[in-house]
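The values are calculated or read from the model by the stated rules, or taken from the named source; none is laboratory data. Computed from a predicted structure; not experimentally measured. Cβ: placed from backbone, ideal geometry, glycine included. Neighbour counts: every protein chain shown. To get the accessible areas, we keep the full protein, side chains included, count just its heavy atoms, and leave off ligands, DNA and RNA. Shrake-Rupley method; radii C 1.70, N 1.55, O 1.52, S 1.80 Å.
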Amino acid sequence: MTFMNNADLEKETGRKLIECGLISVGDSVVLHPTHRVIIHGKWFSHFIVTCTHSRQTFFLKIVKENDNFLLCDHFLQNLSINGVEYPYPKIIVPAFSFQGMKYYVTTYIEGRSLDTFPDNLSQHTVRHIANKLLGLIDQLTQLKAPQYSEQGTFVPDNCPSIFKKKFKSRLLHPLIAGYSSKKLDRAFNWVCEILDSSQFSEPTLIHMDIKPANIIYNTDTGFVSLIDFEFSRFGDMDYGWTQILLSGCNQFNRFYKEQIVPSLTNNRVTLDDAFKIPKYQCYLFYQTMCNLIYYHDRHLPFPKEMAEIFEWFIAKM
């Protein structure tokens, strides 16, 4: 594993914060590594940034390929929120280059991610977190754009054509290509037929990575936040909801799967409902395929329930 010497990055980060008027010239910063990532076969890290004099805290994030937050941040910052703390991170230092990589600085949100909490949270706390989270999800869908986005940029394609391209590309992955070519061809034709007869929302902001690690809860204030918009995009509202439904099948802590997700879907489309709706069937099939590829490429065990859903669709073809 390759790790970078942080001393020079600390100096550069401090300089950028001074340039943007966020700290004074006499202040200095310390980087605290968190959330390691692999980029081009090398290990890097995001950092919590603390200031030695002003005691301010920021978050330094390395830019991974096609980081969609760089596109969506402008729209998020246009949200009008009165009388409450802003619930999302904001980019406060634009992307800058350092030793061949790019970084940007965001605000830091106080609290702990849900993946650090035990499974025995009170029902009152669970309901509070779920209600606040659902409010954030609904709030994001109010942000509209003139076009759909893919890989951090707006595209002129409509929703069906975007999805067909993505689906066809995934079918070429060696893991998926190992299935019956007749079934895969049938699956693609089935998806095309459903998409061509479906209706889609106008391009709306969807997070696409809602999971315990990206949900921040402050036990002192009750504040709930949603972070890490790396995979966010402007897409069909139902596509974003499918990701939320399937997050309950992933290898996350038990209380998220058994309590938060059911609370989110109460009186809304559930996973069982989605299996009966053609457009949702397409999204479920595609998303489980994406998950299978994700785990396979990282040599990780695939969640049993997710695998079963994908295999069920393959068997149908």
Backbone HN-Hα couplings from phi across the range 172-182 [Karplus 6.51/-1.76/1.60, Hz, Gly and Pro as x]:
7, 4, x, 5, 6, 5, x, 7, 4, 4, 5
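Can you tell me how much longer the chain between residue 169 and residue 101 gets when fully stretched, taken as 0.36 nm per residue apart minus their C-alpha distance, in nm with one decimal?
21.7 nm
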Be a star and scan the range 123-152 for residues whose amide nitrogen sits under 18 Å from the point 7 Å along the Cα-to-Cβ vector of residue 74.
143-152
Assuming 0.36 nm per residue, please report the length gained on full extension of the stretch residue 142 to residue 37 beyond their Cα-Cα distance.
34.7 nm
Between rounded, prolate and oblate, where does the range 34-87 land on the alpha carbon gyration tensor, with a ≥ b ≥ c its root eigenvalues, rounded for a/c under 1.5, else prolate if a/b exceeds b/c?
oblate
In whole percent, the fraction of accessible protein surface over the chain that belongs to carbon or sulfur atoms, probe radius 1.4 Å, stands at 50 percent
Need one number: the % of Cα-Cα pairs in the chain sitting beyond the 38 Å mark.
17 percent
Taking placed amide H atoms and a strict 5 Å upper bound, the residues 5 or more places from residue 92 or on another chain that come that close are 105, 106, 107
Through the Karplus equation 6.51 cos²θ - 1.76 cosθ + 1.60, θ set to phi - 60°, convert the phi angles of the range 285-296 into ³J(HN,Hα) values in whole Hz; use x for Gly and Pro.
4, 5, 5, 5, 5, 4, 5, 4, 5, 4, 5, 4
Rounded if a/c is under 1.5, else prolate if a/b is larger than b/c, else oblate: which is the range 161-297, with a ≥ b ≥ c the root eigenvalues of its Cα gyration tensor?
prolate
With the contact rule set at Cα under 8 Å and sequence spacing of 6 or more, what percent relative contact order holds for the chain?
16 percent
Residues of the chain: accessible area per residue with a 1.4 Å probe, Å²
49 Å²
Would you work out if the range 1-109 is rounded, prolate or oblate? Take a ≥ b ≥ c from the square roots of the eigenvalues of the alpha-carbon gyration tensor; rounded if a/c is under 1.5, else prolate when a/b is larger than b/c, oblate otherwise.
oblate
Please state the charge dipole magnitude for the chain, taken about the Cα centre, from unit charges on C-beta atoms (+1 on K and R, -1 on D and E), reported in debye and rounded to the nearest 20.
520 debye
Each residue of the range 61-70 in turn: what ³J(HN,Hα) in whole Hz from Karplus with 6.51, -1.76, 1.60 and θ = phi - 60°, glycine and Pro shown as x?
10, 7, 7, 7, 4, 6, 6, 6, 4, 4
Which residues' amide hydrogens lie under 5 Å from the amide hydrogen of residue 43, considering only partners 5 or more residues apart or on another chain, with H built in the peptide plane?
2
